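*Asks:* Quick one: structure below, then a few questions.
The values are calculated or read from the model by the stated rules, or taken from the named source; none is laboratory data. Keep in mind the model is a prediction, meaning the values are calculated, not measured. Cβ placement follows ideal geometry from the backbone for every residue including glycine, while neighbour counts extend to all protein chains displayed. Accessible surface areas use protein heavy atoms only, side chains included; no ligands, DNA or RNA. Shrake-Rupley method; radii C 1.70, N 1.55, O 1.52, S 1.80 Å.
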Amino acid sequence: MKPFVIAISGSSGAIYGLRLTRVLAELDYDLMLTVTDAARIVMNEELGMDIQDLSNADFLNGLFSPKAVERIRYYHYKDLLAPIASGSFHTAGMVVMPCSVSTVSQIANGASQNLLERAADVTIKERRKLILVPRETPLSAIHLENMLKLARLGVDIVPASPGFYGMPQKIDDLIDFVVGKVLDLLGVEAELFKRWRGGLASEAGNTGQFRGVSP
Ligand SMILES: Cc1cc2nc3c(=O)[nH]c(=O)nc-3n(C[C@H](O)[C@H](O)[C@H](O)COP(=O)(O)O)c2cc1C
């Protein structure tokens, strides 16, 4: 099977992209990964990491199992000679997770300043699947217009906005809800989140645990 391109940009929620990468790699999918410098800063801030250098793939060893790392081909975000910078290299699609609104804008306007943006531009021009997972709030009209423009081109916009109907118990459940939605769009079966199975609370296994929770 052709590889998926995974890109992690510098919005809050780097954990989403890392979890997606881990799940796909452990399911034996081949991945081509790039990480922006802003994502590196966010990972250090949010996840307590200490990644000083993106110039080689060493940092992946601290994040994933050896089995998962074997599935990942890593490219520096400034490496415009990477295979994914060209449409002649075939991929099964691309996910930008999380996607900063800055990167949304660059992609929406065809302005490719780095490998992530170029790979997304290629994915659109080659009419392959492109999924963006923006994380920003509130959204300005600029952000919304950029997303609408991309949605009209067939790009999937999947806001990092977990549902609560599966009765999440921990942060991992919230992350897996969003990652699971992306996997659904990629056609990958992983069953990371509880699906809605109907409106009756008892049938859905809904204990109503959030009822009465103080705002
Ligand atoms: C800790 C931290 C959190 C951030 N969170 C967001 C965010 O949630 N959404 C967003 O669009 N940008 C966020 N930013 C700003 C982006 O990192 C910034 O716009 C950067 O230029 C994006 O670059 P990139 O898209 O090339 O990764 C955050 C920055 C930092 C340092």
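*Asks:* Using only the alpha carbons, work out the radius of gyration and Dmax of the stretch 10-126 in angstrom.
*Replies:* Final numbers for Rg and Dmax: 13.6, 38 Å.
*Asks:* Rg and Dmax of the chain over Cα atoms: what are they, in angstrom?
*Replies:* Cα only, the chain: 17.5, 56 Å (Rg, Dmax).
*Asks:* Taking the Cα centre of the chain as origin, sum charge times position over the Cβ atoms of Lys and Arg (+1) and Asp and Glu (-1), and report the length of that vector in debye to the nearest 20. List each step's numbers first, then the result.
*Replies:* Numbers: 22 positive and 24 negative charges, 121 e Å.
Roughly 580 debye for the chain.
*Asks:* Accessible area, 1.4 Å probe, largest first: how do R197, R19, R128 sort? Don't skip to the answer; put the middle values down first.
*Replies:* On the way: R197 160, R19 70, R128 50 Å².
Output order, biggest surface exposure first: R197, R19, R128.
*Asks:* Charges on Cβ only, +1 for Lys and Arg, -1 for Asp and Glu, centred on the Cα centroid of the chain; of M167, A108, V23, which one is farthest towards the dipole's positive end?
*Replies:* Comparing the listed Cα positions along the dipole, A108 ranks first.
*Asks:* If you build the Cα gyration tensor of the stretch 38-87 and take the root of 5 times each eigenvalue, what three semi-axes come out, in whole angstrom, biggest first?
*Replies:* Details: eigenvalues 87, 50, 14 Å².
Computed over the stretch 38-87, the values are 21, 16, 8 Å.
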